[in-house]
1. If A:Thr45 satisfies every condition in (1) at the interface with chain B (Cβ under 10 Å from one of its Cβ atoms); (2) open to solvent by less than 60 Å² (accessible area, probe 1.4 Å) but one, which is the exception?
2. Within the stretch B:49-67, count every residue that is within 26 Å of B:Asp79 (Cβ to Cβ) and part of a strand (DSSP E or B).
3. Within the stretch B:17-43, count every residue that is under 23 Å from A:Asp92 (Cα atoms) and within 8 Å of DNA strand C (Cβ to nearest atom).
4. Got a sec? Which of B:Ala20, B:Ala65, B:Ala40 is open to solvent by 80 Å² or more (accessible area, probe 1.4 Å) and either at pLDDT below 95 or of a type outside the set (Lys, Arg) (or both)?
5. Right, B:Ile59: away from chain A (no Cβ under 14 Å), crowded, with 16+ Cβ neighbours inside 10 Å and under 24 Å from A:Thr9 (Cα atoms) or not?
6. Return yes or no: is B:Asp7 acidic (Asp, Glu), part of a helix (DSSP H, G or I) and modelled with pLDDT of 95 or more?
7. Would you point out which residue out of B:Leu13, B:Leu35, B:Leu72, B:Leu27 is under 17 Å from A:Glu2 (Cβ atoms) and either surrounded by 15 or more Cβ atoms within 10 Å (Cβ to Cβ) or within 13 Å of chain A (Cβ to nearest Cβ) (or both)?
8. Against the conditions (1) more than 10 Å from DNA strand C (Cβ to nearest atom); (2) in a helix (DSSP H, G or I), where does A:Ile46 fall short? Just the number, please.
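The values are calculated or read from the model by the stated rules, or taken from the named source; none is laboratory data. Source: prediction; values computed, not measured. Reconstructed Cβ throughout: ideal geometry from the backbone, glycine too, with neighbour counts over all protein chains shown. These accessible areas exclude ligands, DNA and RNA; they are computed on the full protein's heavy atoms, side chains included. Shrake-Rupley method; radii C 1.70, N 1.55, O 1.52, S 1.80 Å.
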Protein chains: 2
Amino acid sequence: MESPLLDATFAALSDPTRRAILARLALGEATVSELMQPFALSQPTISKHLKVLEYAGLIEGGRDAQRRPRRLRAEAMKDAADWIERFRDQWDRRFDNLDRHLATIKKET
Amino acid sequence: MESPLLDATFAALSDPTRRAILARLALGEATVSELMQPFALSQPTISKHLKVLEYAGLIEGGRDAQRRPRRLRAEAMKDAADWIERFRDQWDRRFDNLDRHLATIKKET
DNA sequence: CATCTATATAGCCATATGGCTATGGAATCA
DNA sequence: TGATTCCATAGCCATATGGCTATATAGATG
């Protein structure tokens, strides 16, 4: 039931800067300087965001000389998507049941 | 690009208690006392969680005498699901491109 | 070696979050 | 009316979060 990683994933997704970073990384690997570029934020602030994303398992880092290029890890994202999907299934079934129930009532009258 | 509601939705989903409450509400309307029942948490704490969920647009409240039954609103959840899905599309396309690229390279050798 | 580039880390600050207790208010019920 | 039930609100506390500046470290380069 409980899932600290899922907690961390949703929390990571709750910030617009981090979502933008993920969107950028969906296009391919990028260095910190590159990721920093679109934002009016300091470099340490970006590094902090990257740490949050890494903690959530959403990205991982490599190394290329002084650079620490980040790339996506899609699995954590999938866990989040799965939770919502399972939720939606349950929700949909509920309406199916309601539909059947209403149909039954209609039949009975 | 920015979306305060999406921020709020993901933030709301990042807490296990709130996800459990949503799962319960997927089964149908429930009062605060009913929602409280599975948890070792005080009533005001549950009310606070409900407020967070309501702020995120994930639930809404009705009234029945002293009771304040809550029910789901699926739309906000859908926004979150949509964001992830659009993300995944982009991500998948990237691999498609990579596949094509590799195929091209292979052809050329 | 000296320096420059790329990034991380430390530490500060203000605000948000998640828990609690205490209290208040509205309906119901005796 | 008075007590009880259901819930909200206020206020406190500890910790987390998101921003910053200043500084440290690692690798490249003159």
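1. Evaluating A:Thr45 over (1) at the interface with chain B (Cβ under 10 Å from one of its Cβ atoms); (2) open to solvent by less than 60 Å² (accessible area, probe 1.4 Å) leaves (1) as the failure.
2. Residues that pass the stated criteria total 3.
3. 2
4. None of the others qualify; the one that does is B:Ala40.
5. Here the answer is no, as B:Ile59 does not meet what is asked.
6. The answer is yes for B:Asp7.
7. It is B:Leu13.
8. So A:Ile46 meets the others, but not (1).
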